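As structure tokens, the structure follows; a few thoughts come after it.
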């Protein structure tokens, strides 16, 4: 009965960071029109919640898809450490020329985590506020 | 297809320990979860059933019936229990979120009389959960 079942592990992480939505491809007016308050030149911040889902075989010896401490360490190193209490525009190279919308943050986090060695990264879900959530599962092959 | 989800909570204790590992290995792999006296969680279970609403009742599955199944199969079996010692289905397994979710799937699937079990999500804490579903069935 257990055959054909898929098990995923979901884990939530948090970071707080500031950003400014501003595209160098748009004029000042267009930026203001498109991004509204988010275009404020001094930036603003959010408490982000990142939900990471991985899948794989449950090791019968440990009962785990992946050792949680290893997953936590990997996410901490790849995402939390470089993003937490940072200005995403200024401090994260990926957002120098790429507007740090939560769509793009979601994709960037996915790219940073896709090489987790112990399990397959299924998707990344990022909550910018309790009302805005974005999800990315990589590009379809 | 409509997906209905019912939530329930139960509280239970567990510990992670594999007798095939040395004491040091158990400590290294399982960390705090290896405390021999165990520890506990408030688990939240979300059970999703998929199906077409019955044209007469408008229901995929009577929620009352689902509630009774969950009470009988899960709450009575796991609530206020020490999972390692008191839940026969977990004997010989480390009671991780992954394994408990799979045991719950296997307990519930044959009991769902209308619609079909689509997903079991078990939260061990608000920040850690396991999903169990049929291969290829994810998406709701």
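For the structure I just gave you, tell me whether residue A:104 is more than 30 Å from residue B:26 (Cβ to Cβ), under 18 Å from the mean Cα position of the chain (by Cα) and not in a helix (DSSP H, G or I). Before the answer, list the steps.
Values: more than 30 Å from residue B:26 (Cβ to Cβ): yes; under 18 Å from the mean Cα position of the chain (by Cα): yes; not in a helix (DSSP H, G or I): no.
No.
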Task: helices (runs of 4 or more DSSP H) within segment B:7-95 that include 1 or more residues within 12 Å of chain A (Cβ to nearest Cβ) and surrounded by 15 or more Cβ atoms within 10 Å (Cβ to Cβ) - done: B:23-30, B:83-86
Open item on the list: For segment A:1-21, give me each residue that is at pLDDT 95 or above and more than 7 Å from chain B (Cβ to nearest Cβ).
Closed with: A:13, A:14, A:15, A:16, A:17, A:18, A:19, A:20, A:21
Task: Those residues of segment A:104-120 which are touching a strand residue (DSSP E or B) at 6+ places or on another chain (Cβ under 7 Å), farther than 17 Å from residue A:80 by Cα and either without any contact (Cβ under 8 Å) to a residue 40 or more places away in the chain or surrounded by fewer than 19 Cβ atoms within 10 Å (Cβ to Cβ) (or both), in sequence order - done: A:120
TODO: Identify the residue in segment B:98-116 that is surrounded by 23 or more Cβ atoms within 10 Å (Cβ to Cβ), more than 7 Å from chain A (Cβ to nearest Cβ) and in contact with a strand residue (DSSP E or B) (Cβ under 7 Å, 6 or more places away or on another chain) and, among all such residues, is farthest from residue B:2 (Cα to Cα).
DONE: B:100
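Go through segment A:18-35 residue by residue and tally those that are assigned to a helix (DSSP H, G or I) and under 19 Å from residue A:92 (Cβ atoms). Before you say what the answer is, go through the steps one by one.
Our first condition is that a residue be assigned to a helix (DSSP H, G or I); within segment A:18-35, this holds for A:28-35.
Then keep just the ones that are under 19 Å from residue A:92 (Cβ atoms); that gives A:35.
The total comes to 1.
Residue-by-condition table, conditions (1) modelled with pLDDT under 95; (2) within 14 Å of chain B (Cβ to nearest Cβ); (3) within 12 Å of residue A:119 (Cβ to Cβ); (4) buried (at least 18 other Cβ atoms within 10 Å of the Cβ):
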{"site": "A:52", "(1), (2), (3), (4)": "no, yes, yes, yes"}
{"site": "A:59", "(1), (2), (3), (4)": "no, yes, yes, no"}
{"site": "A:66", "(1), (2), (3), (4)": "no, yes, yes, yes"}
{"site": "A:92", "(1), (2), (3), (4)": "no, no, no, yes"}
TODO: Hey, could you check segment A:68-90 for residues that are within 13 Å of chain B (Cβ to nearest Cβ) and under 16 Å from residue B:31 (Cβ atoms) and say which is surrounded by the most Cβ atoms within 10 Å (Cβ to Cβ)?
DONE: A:71
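The values are calculated or read from the model by the stated rules, or taken from the named source; none is laboratory data. On a predicted model such as this, the values are computed, not experimentally measured, just so you know. Methodologically, a virtual Cβ is constructed for each residue, glycine included, from the backbone with ideal geometry; neighbour enumeration extends over all protein chains shown.
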